[in-house]
Structure formats: structure tokens, C-alpha cells
Amino acid sequence: MRRMGQGILVGIFMVGFIAINGWGLGNALGADTGTEIPATNPFSGNQAAIEEGRSWYRSICSNCHGGRADGAGERGHGADLRVFNKGFRKFVETVKNGRDTGRAMKMPSWGKVLSDDTIYKIGAYLETLAQEGANWKEGVK
Ligand code: HEC
């Protein structure tokens, strides 16, 4: 129990650090500097990229979004990513910029931590878990 508690604290600290850093830079540079996000995921269906994305997902996303991406993380409830339906660009923007939910648990911003390619690879992995009604492609505004 005690060990687990410490792990959670360290985790919260790390995410807080990332969120604060990402936030400052995001505000200073504006949301969409750098390269344009492609309309569709360049790594869709690429097996090597999917494997890489899976391993990133497991180390930095699953504690909030769950090992199966169903939203049931051990740290609380992030969104169920199997039913994400806002399209590829919105996925990338959300991961880069984070989201303030107004609750204690927020979506951290990863824009200054992960390269665009890494975010696309995580997306390519998550696409493989998509359930009916999900939209990981472009098209929805
Ligand atoms: C500290 C916990 C936490 C971590 C770590 C985290 N998320 Fe989130 N994520 C959230 C929360 C909370 C939300 C917002 C849910 C809501 O809007 O109610 C969210 C929302 C999202 C959304 C938007 C979902 C939607 O339907 O609009 C995406 C996409 C997402 N996260 C992907 C990721 C990815 C990819 C990673 C790993 C790089 C990640 N998240 C890491 C907590 C987290």
C-alpha cells in the first residue's frame, strides 16, 4: 500500500511538471506553430509504428486512459479512447495542447515532450482499438 502511494505521488508530480512546462510554451508560441498536422495519420496501418505507439501509450497514457484505452486508468478516469470520434487532427491537437477539464484530473499537454511522429504513432496504435462509431480519420469538425 505504502509503496503504491509513493508511486502515485511521483506520477502526479511528473505529470504536473510536464503540464506546467507544456502550458507555458504553448501559450507563448500559439497552438499551431511548427509543421502542419497532416489530414490523415501517416502511420495508419504501419505495423512497426503501431508497436512503437503501443509501448509509448503503455508508459505514458495508460495510467489515466486504461491499459485497454477504455478510460478506466488506475489513476482515475480519462476519456475512453476506443470511441474517440473527432478525427485525426483533433486527436493530435488534444494530445499536444492538453485539455483543462475543470476537474482535478486534466489531460496534460505533450507538445513539448513528444515529437509529432511519436504522437502519430500513438494514434496509429489507438486506431487499432477503435470500436464502432469511432473516427480516427479526418472529416469531423
Ligand atoms: C493525467 C492523466 C492523463 C494522462 C497521463 C493522459 N491523459 Fe488524455 N485525457 C485525460 C483527461 C482527464 C481527459 C479529458 C476527458 C474529458 O474531457 O472529460 C483526456 C482526454 C484525452 C483525449 C480527448 C478525448 C476526447 O474524446 O475528446 C485524447 C485523444 C487523449 N486524452 C489522449 C491521450 C494520450 C494519447 C495520452 C498519452 C500521450 C494521454 N491522453 C495521457 C487524462 C490524461
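The values are calculated or read from the model by the stated rules, or taken from the named source; none is laboratory data. None of the values given here were measured: they were computed from a predicted structure. In this analysis, Cβ positions are derived from the backbone assuming ideal geometry, glycine residues included, and neighbour counts consider all displayed protein chains.
Summary table
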read-out: Count of region 74-86 residues which are at pLDDT below 95 and crowded, with 18+ Cβ neighbours inside 10 Å; value: 1
read-out: Options Lys121, Lys106, Lys137, Lys112: the member that is touching a Leu at 6+ places or on another chain (Cβ under 6 Å) and of a type in the set (D, E, K, R); value: Lys112
read-out: Conditions (1) part of a loop (DSSP other than H, G, I, E, B); (2) in contact (Cβ under 8 Å) with a residue 12 or more places away in the chain; (3) over 17 Å from Ser59 (Cα atoms); number of the one not met by Gly102; value: (2)
read-out: Criterion (assigned to a loop (DSSP other than H, G, I, E, B), closer than 21 Å to Glu52 by Cα and of a type in the set (Gly, Ala, Ser)) met by exactly one of Gly123, Gly111; value: Gly111
read-out: Given (1) surrounded by fewer than 19 Cβ atoms within 10 Å (Cβ to Cβ); (2) at pLDDT 95 or above; (3) of a type outside the set (Lys, Arg), number of the condition Asn135 does not satisfy; value: (2)
